[in-house]
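Working notes for the structure below.
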Amino acid sequence: MTTSDEIQWFAIQARPGVEAAAESNLRALPIERLLPLVRRPVHHATRASRMVLRPLFPGYLFARFCAAVSLRAVSYSRGVLRVVGGGRQPWSVDDAIIADIRERIGPGRVRRKCVSAHSRWAIQFASLWVRFLAGLASSIAS
């Protein structure tokens, strides 16, 4: 749980496939946003393979705001399904997790290498996801 008068990071669940549009709509609000991206190959049967940008956490992005002031505006932004939380109280994401994500993706918000099951980055990505979920679980418990 979080006290509603602090500026904190929150996970935002976006509509499937429109994470970038949700992030774009949140730009109208005075909040900080983070949509980490990764380059992934797309293979077509009749065309050459190409690299495309996809969200690192499909269906989710992050925003830093004061829940008491901006929760309603964020929740009702186009493309946003909900701010992750329980009941009417959002669960904050630890600043260390956001810092870790930023450090690993670099300054351009895009991880250059694709995530594959055999790469070291895939293991690091999995550990980030587990830390994120564990942080949410500890928020629920407290």
* To do: Could you tell me whether any residue of segment 63-75 is modelled with pLDDT of 95 or more, surrounded by fewer than 18 Cβ atoms within 10 Å (Cβ to Cβ), closer than 24 Å to R104 by Cβ and basic (K, R)?
  => yes
* Asked: From the residues in segment 25-56 that are among the basic types (K, R) and surrounded by 13 or more Cβ atoms within 10 Å (Cβ to Cβ), which one is nearest to S77 (Cα to Cα)?
  -> R33
* Scan segment 40-81 residue by residue and report those that are among the hydrophobic types (A, V, I, L, M, F, W, C), under 20 Å from V93 (Cβ atoms) and in a loop (DSSP other than H, G, I, E, B). => L56, F57
* Structure fact -> Among residues of segment 40-78 being among the polar types (S, T, N, Q) and in contact (Cβ under 8 Å) with a residue 24 or more places away in the chain, the residue farthest from A20 (Cα to Cα) is S70
* If you check every pair at least six apart or on different chains, which have Cβ atoms under 6 Å apart with a residue in segment 4-30 that is assigned to a strand (DSSP E or B) first and a residue that is charged (D, E, K, R) and surrounded by fewer than 16 Cβ atoms within 10 Å (Cβ to Cβ) second? -> Q13/R82
* To do: Looking only at segment 83-96, count how many residues are over 21 Å from L26 (Cα atoms) and at pLDDT 85 or above.
  => 1
* Asked: So how many residues does segment 30-49 have that are at pLDDT below 85 and either touching a strand residue (DSSP E or B) at 6+ places or on another chain (Cβ under 6 Å) or not aliphatic (A, V, I, L, M) (or both)?
  -> 10
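The values are calculated or read from the model by the stated rules, or taken from the named source; none is laboratory data. Just so it is clear, the model here is predicted, and its values are computed rather than measured. Cβ sites come from the backbone with ideal geometry, for glycine too, and all protein chains shown count toward neighbours.
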